[in-house]
Amino acid sequence: MRLRLADAQVVGYASHMLLPVELTESQIESLRVRAKALGISPEQLAAAAVADLVAQPADDFKNAATRILSKNAELYRRLA
């Protein structure tokens, strides 16, 4: 599944970003079910979740980013 984050307001960078995101089948199904319940697309729900994450205070974001980077270190190494 790929996510398109549109209308980002970042000075000096593109106004949107396309992020490839690897999800398991159960995560995809959960995302679809939750998005349907909210009346939005799975991509919109994922983009909103990312927007909420990066809007958190810096310490919360740093901790979450560190946890995600650590959890996916092997994947990032293989993709490099």
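Candidates in region 50-67 are the residues that are closer than 19 Å to MET17 by Cα and β-branched (Val, Ile, Thr); of these, the one that is nearest to the chain's Cα centre (by Cα) is VAL50.
If you go through region 15-46 and keep only what is at pLDDT 90 or above, out of contact with any Leu (no Cβ under 7 Å at 6 or more places or on another chain) and small (Gly, Ala, Ser), you end up with SER26, SER30, ALA37, GLY39, SER41.
Residue-by-condition table, conditions (1) of a type outside the set (S, T, N, Q); (2) at pLDDT below 80; (3) surrounded by 13 or more Cβ atoms within 10 Å (Cβ to Cβ):
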{"position": "LEU3", "(1), (2), (3)": "yes, yes, yes"}
{"position": "TYR13", "(1), (2), (3)": "yes, yes, no"}
{"position": "ALA48", "(1), (2), (3)": "yes, no, yes"}
{"position": "ALA51", "(1), (2), (3)": "yes, no, no"}
{"position": "ALA64", "(1), (2), (3)": "yes, no, yes"}
{"position": "TYR76", "(1), (2), (3)": "yes, yes, no"}
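From the list ALA46, ALA64, ALA37, the lone residue that is free of Cβ contacts under 8 Å to residues at least 12 places away in the same chain, touching a helix residue (DSSP H, G or I) at 6+ places or on another chain (Cβ under 8 Å) and assigned to a helix (DSSP H, G or I) is ALA64.
The values are calculated or read from the model by the stated rules, or taken from the named source; none is laboratory data. In this text the structure is predicted, and so the values were computed from the model without any measurement. Cβ coordinates were reconstructed from backbone atoms using ideal geometry, including for glycine residues, and neighbour counts include every protein chain displayed.
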